Amino acid sequence: MKDIVISVKEISKVFGDFTAVDKISFEVRKGEIFGFLGANGAGKTTAMRMLCGLSFPTHGSGTVAGFDIRKQSEEIKRNIGYMSQKFSLYNNLTVWENIRLFAGIYGLSKQETKQRAENIFKQLDFEKERNTLVASLPLGWKQKLSFSIATIHKPEIVFLDEPTGGVDPITRRQFWEMIYQASNEGTTIFVTTHYMDEAEYCSRVSIMVDGQIRALDTPANLKKLYNAESMDEVFRHLAREAKRGE
Amino acid sequence: MKTNFLSFVKKEALHILRDKRTMMIVLLIPIVLMILFGFAISTELNNLNVAVSVQKHTEDIRGKIEKLSANPYFTFVGYVNQKDAETMLRSSKADAVVVFDNEGKMQFLFDASNTNTAMSGSIYLQSVMSEENLSNQELFNLHLLYNPQMKSAYNFVPGIMGLIFILICAMMTSVAIVREKESGTMEVLLVSPVRPIKIILAKMIPYFVISCINLTTILLVSRFLLDVPLSGSLFSIIFISLIYLVLSLSLGLLVSTISSSQVMALLISAMVMMMPILMLSGMIFPIENLPSVLQPVPYIVPAKWYIEAIRKLMIMGLPITAVTKEILILILMSVVLVFVSLKKFNDKLD
């Protein structure tokens, strides 16, 4: 199948005698919004790091954007975007300087950089903030800018690690609109979140418990399967079985 | 697709330029330290207050007192009674009292609460006051080479250089790297296609440039303000300084890999790097004066070798061949440090 952008088979990550990720397998299709759920300590971050080419799996294999996660981490890094909950732009640089830096990192030409910066300014209604230091922007704005910059090089897949942590509901709503738009344009979104209402927005959701994937389906199917009213119920039902703490 | 390395360097430079206060400190510290050590803090003896107690005035004694007051190193503060001599010392109105007894014999009373002053002062006072007696004896022929006026600036300038570069290269880079770890931006950089080594290099370049500016100011201040001769070739001084800069930068990288917060990086830099330089490099205290247990320690302090080499080049004016040993040791230390710190940095990533 051509439109599968992430495919992993039984990948594990073992630290000493601790198995952080235990033989997980899944596939993500192009343009999907893939929700990656799990309690703290379930192994989400470790799994995500392996997908981003930051660490090698102890066992198993997989491809991201068509590249082998064991051998081609450089190529993977070029074709993905990443944004984490920890705010990831430079506070003491201006909006424009941040854009220019990341455009430079991904090797965009001057012209492309300028054009994409204009798009971002227009999309976020940021024209006036062009030369504002990022430090002085409200958190919600920063997160939106952060997302725009994470996708500045038009990556195939964007990894979002709890992107809306600490953001107000209105901005979260706007943020998800941006996610939808990117997904409509064909970008695959891989997102972790603790907000169960956000899980409902995803095309498909996987729930990790103790390093393993316990459930993986569309939110509607999962609710049917566990006979639950909301994703919140589904999540609590599964997370209760967790044996290891944080 | 090629990442733009220059945009990285530009970003690091912007970080530094934006932080005006830190930049001022970094650029001014060398000048302040130089002036402080060059003028204010000196181990030379100046203006030692001397009182005199005389039982019976004679021509001989008068001559001696005249000589004393004329000497620029001593200030004659007046006559005292023999029994007031101690009060004089105790109230710090005098640092020394010269007592002439009935027969014109001398006794020196010295305030030795500051041992340095008392040591060198008493020897000098002795030689001034007894010169006449010695004049017909055969004197030692004393030549002070390389620093005939015994200026302490000559001694401090190489030491300050050893200190400044560690301070700026090691401390500033380690803090700059750890800051990115703390703020979470390091993660984003690592997920990007930039090679980690490039991230590090881009961080080091601006500090390297700043250090080169500092090297220039230090050399200018020492030549034109402190009158240090810079008798060796400028080229060799710069050459060995550049080796030392690379060494300091890799030390900074090493510190950044073992510290998890900026505070920790600062503390490690201050305690593990600055203190040994001040105490164990021979900058202030001669290595020979260390207790024998500590004697071998300076040999692993890079600053010791650098300071020694700079002293030979700058003050003694020796050719670069005279410091081959120091250069080789510094290069060896740099290679080991670069290797270890890069390895640790890469291990940390996984």
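The values are calculated or read from the model by the stated rules, or taken from the named source; none is laboratory data. Predicted model, so just to flag it, every value in this text is computed and none were measured. Glycine gets a Cβ as well: all are built from the backbone with ideal geometry, and neighbour counts include every protein chain shown.
Please find, within segment A:195-243, the residue that is surrounded by the most Cβ atoms within 10 Å (Cβ to Cβ) out of those that are farther than 26 Å from A:Val14 by Cα and β-branched (Val, Ile, Thr).
A:Val234
Of everything in segment A:165-192 that's touching a residue at least 40 places away in the same chain (Cβ under 8 Å) and among the β-branched types (Val, Ile, Thr), which residue is surrounded by the most Cβ atoms within 10 Å (Cβ to Cβ)?
Among them, the one singled out is A:Thr188.
Looking only at segment B:1-32, how many residues end up being polar (S, T, N, Q) and farther than 12 Å from A:Leu101 by Cα?
1
Residues checked against (1) surrounded by 13 or more Cβ atoms within 10 Å (Cβ to Cβ); (2) within 30 Å of B:Arg311 (Cα to Cα):
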{"site": "B:Glu66", "(1), (2)": "no, no"}
{"site": "B:Leu89", "(1), (2)": "yes, no"}
{"site": "B:Ala94", "(1), (2)": "yes, no"}
{"site": "B:Asp101", "(1), (2)": "yes, no"}
{"site": "B:Leu109", "(1), (2)": "yes, no"}
{"site": "B:Asn114", "(1), (2)": "no, yes"}
{"site": "B:Tyr124", "(1), (2)": "yes, yes"}
{"site": "B:Leu145", "(1), (2)": "no, yes"}
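Which of the residues that make up segment B:61-113 are basic (Lys, Arg) and in a helix (DSSP H, G or I)? Explain how you work it out, then say what you get.
Keep residues of segment B:61-113 that are basic (Lys, Arg), which gives B:62, B:64, B:67, B:83, B:90, B:93, B:105.
Residues satisfying the conditions are B:Arg62, B:Lys64, B:Lys67, B:Lys83, B:Arg90.
When the residues of segment A:193-225 are filtered to those that are over 19 Å from the mean Cα position of the chain (by Cα) and touching a residue at least 12 places away in the same chain (Cβ under 8 Å), which remaining residue is farthest from A:Gly35 (Cα to Cα)?
Taking segment A:193-225 and keeping what is over 19 Å from the mean Cα position of the chain (by Cα), we get A:210, A:214, A:220-225.
Those left that are additionally touching a residue at least 12 places away in the same chain (Cβ under 8 Å): A:210, A:214, A:222.
Numbers: A:Asp210: 17, A:Arg214: 13, A:Leu222: 13 Å.
Checking each candidate, the answer is A:Asp210.
Restrict the check to segment B:160-179 and report whether at least one residue is closer than 30 Å to A:Thr151 by Cβ, within 14 Å of another protein chain (Cβ to nearest Cβ), in a loop (DSSP other than H, G, I, E, B) and not β-branched (Val, Ile, Thr).
Taking every residue of segment B:160-179 in turn, none turns out to be closer than 30 Å to A:Thr151 by Cβ, within 14 Å of another protein chain (Cβ to nearest Cβ), in a loop (DSSP other than H, G, I, E, B) and not β-branched (Val, Ile, Thr).
Scan segment B:64-82 and give yes if some residue there is among the acidic types (Asp, Glu), farther than 30 Å from A:Ser109 by Cα and in contact with a helix residue (DSSP H, G or I) (Cβ under 9 Å, 6 or more places away or on another chain), otherwise no. First the steps, then the outcome.
Let us first name the residues in segment B:64-82 that are among the acidic types (Asp, Glu), namely B:66.
From what's left, farther than 30 Å from A:Ser109 by Cα: B:66.
Right, trim to in contact with a helix residue (DSSP H, G or I) (Cβ under 9 Å, 6 or more places away or on another chain) and you get none.
No; the residues of segment B:64-82 include none that is among the acidic types (Asp, Glu), farther than 30 Å from A:Ser109 by Cα and in contact with a helix residue (DSSP H, G or I) (Cβ under 9 Å, 6 or more places away or on another chain).
Could you list, in sequence order, the residues of segment A:68-101 that are over 17 Å from B:Leu189 (Cβ atoms), within 12 Å of chain B (Cβ to nearest Cβ) and not in a helix (DSSP H, G or I)? Walk me through it before giving the result.
Within segment A:68-101, the first condition is being over 17 Å from B:Leu189 (Cβ atoms), and the residues that meet it are A:68-72, A:75, A:94-96.
With within 12 Å of chain B (Cβ to nearest Cβ) added as a condition, the list becomes A:72, A:75, A:94, A:96.
A:Gln72, A:Thr94 - these are the residues of segment A:68-101 that are over 17 Å from B:Leu189 (Cβ atoms), within 12 Å of chain B (Cβ to nearest Cβ) and not in a helix (DSSP H, G or I).
Only one of (1) in contact with a Lys or Arg (Cβ under 8 Å, 6 or more places away or on another chain); (2) in contact (Cβ under 8 Å) with a residue 40 or more places away in the chain; (3) within 14 Å of chain A (Cβ to nearest Cβ); (4) buried (at least 18 other Cβ atoms within 10 Å of the Cβ) is not met by B:Asn49, so which one is it?
For B:Asn49, the exception is condition (3).
Check whether at least one residue in segment A:30-45 is crowded, with 17+ Cβ neighbours inside 10 Å, at pLDDT 95 or above, out of contact with any helix residue (DSSP H, G or I) (no Cβ under 8 Å at 6 or more places or on another chain) and not charged (D, E, K, R), and report yes or no.
Yes, because at least one residue in segment A:30-45 is crowded, with 17+ Cβ neighbours inside 10 Å, at pLDDT 95 or above, out of contact with any helix residue (DSSP H, G or I) (no Cβ under 8 Å at 6 or more places or on another chain) and not charged (D, E, K, R).
Name the residue, out of A:Glu177, A:Glu233, that is closer than 17 Å to A:Ala150 by Cβ, at pLDDT 90 or above and either out of contact with any helix residue (DSSP H, G or I) (no Cβ under 7 Å at 6 or more places or on another chain) or β-branched (Val, Ile, Thr) (or both).
Numbers: A:Glu233 fails: closer than 17 Å to A:Ala150 by Cβ.
One residue alone meets the criteria, A:Glu177.
In this structure, does A:Val64 turn out to be more than 16 Å from A:Ala150 (Cα to Cα), more than 7 Å from chain B (Cβ to nearest Cβ), crowded, with 23+ Cβ neighbours inside 10 Å and touching a helix residue (DSSP H, G or I) at 6+ places or on another chain (Cβ under 9 Å)?
Numbers: more than 16 Å from A:Ala150 (Cα to Cα): yes; more than 7 Å from chain B (Cβ to nearest Cβ): yes; crowded, with 23+ Cβ neighbours inside 10 Å: yes; touching a helix residue (DSSP H, G or I) at 6+ places or on another chain (Cβ under 9 Å): yes.
When the stated conditions are applied, A:Val64 passes them.
Which of the residues spanning segment B:186-221 are outside any loop (DSSP other than H, G, I, E, B), polar (S, T, N, Q) and crowded, with 19+ Cβ neighbours inside 10 Å? First the steps, then the outcome.
Pass one, segment B:186-221, residues outside any loop (DSSP other than H, G, I, E, B): B:186-191, B:196-221.
Then drop every residue that is not polar (S, T, N, Q), which leaves B:211, B:214, B:216-217.
The answer is B:Ser211, B:Asn214.
Which one is surrounded by the fewest Cβ atoms within 10 Å (Cβ to Cβ), of the residues in segment A:104-115 that are more than 8 Å from chain B (Cβ to nearest Cβ) and not in a loop (DSSP other than H, G, I, E, B)? Step through it out loud before you land on a result.
Taking segment A:104-115 and keeping what is more than 8 Å from chain B (Cβ to nearest Cβ), we get A:108-115.
From what's left, not in a loop (DSSP other than H, G, I, E, B): A:110-115.
Numbers: A:Lys110: 11, A:Gln111: 8, A:Glu112: 15, A:Thr113: 21, A:Lys114: 15, A:Gln115: 12.
The extreme case among them is A:Gln111.
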